1. Looking only at helices (runs of 4 or more DSSP H) that fall completely inside the range 143-261, which ones have 1 or more residues that are in contact with a Leu (Cβ under 7 Å, 6 or more places away or on another chain), surrounded by 18 or more Cβ atoms within 10 Å (Cβ to Cβ) and polar (S, T, N, Q)?
2. For the range 14-30, enumerate the residues that are open to solvent by 100 Å² or more (accessible area, probe 1.4 Å) and at pLDDT 80 or above.
3. Quick check on my filter: what residues within the range 432-462 are open to solvent by less than 40 Å² (accessible area, probe 1.4 Å), of a type in the set (S, T, Y) and either over 17 Å from I492 (Cα atoms) or part of a helix (DSSP H, G or I) (or both)?
4. Report those helices (runs of 4 or more DSSP H) wholly inside the range 20-139 carrying at least 3 residues which are of a type in the set (S, T, N, Q).
5. Within the range 51-66, can you find the residues that are farther than 20 Å from D100 by Cβ and either open to solvent by less than 10 Å² (accessible area, probe 1.4 Å) or acidic (D, E) (or both)?
6. Answer yes or no: is there a residue in the range 476-483 that is over 20 Å from the mean Cα position of the chain (by Cα), within 19 Å of L429 (Cβ to Cβ) and open to solvent by 20 Å² or more (accessible area, probe 1.4 Å).
7. Restricting attention to the range 487-495, does a residue exist that is over 19 Å from L429 (Cα atoms) and either open to solvent by 20 Å² or more (accessible area, probe 1.4 Å) or in a helix (DSSP H, G or I) (or both)?
8. Please find, among Y85, Y124, Y107, Y73, the residue that is among the aromatic types (F, W, Y), touching a residue at least 40 places away in the same chain (Cβ under 8 Å) and open to solvent by less than 60 Å² (accessible area, probe 1.4 Å).
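The values are calculated or read from the model by the stated rules, or taken from the named source; none is laboratory data. Source: prediction; values computed, not measured. Note: ideal-geometry Cβ built from the backbone for every residue, glycine included; neighbour counts use all protein chains shown. Each accessible area value is taken on the protein alone, full model and side chains, heavy atoms only, with ligands, DNA and RNA left out. Shrake-Rupley method; radii C 1.70, N 1.55, O 1.52, S 1.80 Å.
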Amino acid sequence: MNKRLIICVWIILKINTLYSQGFEEGLKRAKQLSDSLKYDQAILHLQDLLVKAEESKNDTITIDVLIKLGSAYLDVEKNEIGINYYKRGLQIAKKNHREDKAAMAFYGLGAAFQQMERYDSSKYYYKKAIGFFENSNNQLTLSYLFSNLSLLFFHTNQFDSMEYYSKAALDIQTKIGDKYGSGASYSNLGLIARESKDYVSAIQYYRKSMSDYAEMNFTKGYSESLRYLAITYYMLNQTDSAARYFYMYDSIGHDILHKDYQDKILELETKFRTAEVERDNAIKQAEIEENKRQLLILYIFIFFLITTSILSYILFNQRRKRLKLASEKTIHNLLAEQEMKATHALLEGQDKERKRIAAELHDNLGSILVTLNMYADALQTKKPKEMPAIANKIAEVAQLANEESRKISHSLDSGMLKHFGLEAAINQLTDAVASARDITFNLSLQTDRISSDAALEIYRIIQELVNNTLKHAHCNRVNLELTQVGKALSLIYEDNGVGFNRSEIKSGMGLKNIENRVQKLDGELTIDSSKGKGSTFIIEIQDL
């Protein structure tokens, strides 16, 4: 029996190895299609890989394919679809505690929102990715993140921040010898200097950019730096220098076009010469694939033989366990009956609680309001000198009513959360809204242990967000993501409504209440919204 188990394990490991190799080749093929600008074929290929990855239940490969799909949809400017794939990959990465994969998903989300010109959301996800890469050995990716942030700040006219991240990217690129990256960073710094009218510094930066590009023989980058240099000299009214650099730029541009034409001819000749070689290779590859298929069939056949032997052994043992299973079934039925009784008791307790609150409303608050009404009527018949005393009585009774209503309200508030927890309370709230209004709620709730006070505050924040959506958003879809990792909690609330500009509205009580509750939890609130693009509320709480 032990030998059979060893053979079974060996076969499973062999099959997993074949699967992994197949996925790696598939991802390489998708990259080749994207590099050749065949984006539609790349997307179809990645979709097939995703189906196979999910069937194999290999989360690591599934994350990689989802992130590649997000990038492919960004290439064809279908940003919303790309964002959905990045978020699916991020969710699986968090579930498996894969910080490296989560950081790549954050990177992709930042790029997507930057492409959509939603710069607040882009900056949020970029900084999430930077938090990981700053502590890793992948300095090249970190420099690219800094460069992207630099361009983001340029679009928002924050030139100080743009300069900071351009120099941070340049420091890394200089240390690791990335001349392509440093050429781009020098060009960005030249743009900052030119916008600040520091033309002398701009010229110096553009010359350094040209030097790095020339060293790497990167003609297109070199020609772009020439053009920027010519524009800068023109702004300095040095027309001779401007004309000279424009002429150099124009000459290189013609050379680039001529070289591209020659490259196309050479490419066609190469394809023609290698057609027969490729055909022979295809035939050989087909033979290899057929051998692999036959080998895989053999492995599967052996696997089923071993499985059949194991099942026969299990069925033999089950005959001896029938009496034990019968007794366990009886115990299970008794436990189920006890659980049903406990459920009935809970429902009965809830009914008693409702009746108690109704009695308090009728007996306590009702009698207080009757007394208040009597004092109000007395004001119409009393003399002026007696009115202050009656007014004091009215104030005392009103205070009593306020305290009684607060007590009843607290009793109602804590009921659902106390008995069923935060996630159940959120589900009840969104189900009630969805049934009353034509709004679809997409929920992703992953919480562990939250204190009752913090849970109530978070529930009140979500209530206020939903209330604002009903009043102002005019939307039909809401995404709510609540994720807890240790003591840290992240809440992302998105709608596809009409959006708003923060600068054009005053903070109402709803928005003020949200800000106060987030501040009470020592959290951070980020709002990203513009007219026609919906609204996003991001709340980060580090220590619950």
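1. Correct list: 159-176, 179-195.
2. At the first step, the residues of the range 14-30 found to be open to solvent by 100 Å² or more (accessible area, probe 1.4 Å) are 19, 24-25, 28-29.
Correct list: E25, K28, R29.
3. Y459, the sole residue that qualifies.
4. On the way: elements: 39-56, 59-75, 79-95, 99-115, 119-133.
The helices (runs of 4 or more DSSP H) meeting that bar are 39-56, 59-75, 79-95.
5. Matches in the range 51-66: E54, E55.
6. Just the residues of the range 476-483 that are over 20 Å from the mean Cα position of the chain (by Cα), to begin with: 476.
Those left that are additionally within 19 Å of L429 (Cβ to Cβ): 476.
Subset that is open to solvent by 20 Å² or more (accessible area, probe 1.4 Å): 476.
Scanning the range 476-483 turns up at least one residue that is over 20 Å from the mean Cα position of the chain (by Cα), within 19 Å of L429 (Cβ to Cβ) and open to solvent by 20 Å² or more (accessible area, probe 1.4 Å).
7. Filtering the range 487-495 for residues over 19 Å from L429 (Cα atoms) gives 487-490.
Add one more test, that the residue is either open to solvent by 20 Å² or more (accessible area, probe 1.4 Å) or in a helix (DSSP H, G or I) (or both), and what stays is 487-488.
Within the range 487-495, one or more residues are over 19 Å from L429 (Cα atoms) and either open to solvent by 20 Å² or more (accessible area, probe 1.4 Å) or in a helix (DSSP H, G or I) (or both).
8. Details: Y85 fails: touching a residue at least 40 places away in the same chain (Cβ under 8 Å); Y107 fails: touching a residue at least 40 places away in the same chain (Cβ under 8 Å); Y73 fails: touching a residue at least 40 places away in the same chain (Cβ under 8 Å).
Just a single option satisfies the conditions, and that option is Y124.
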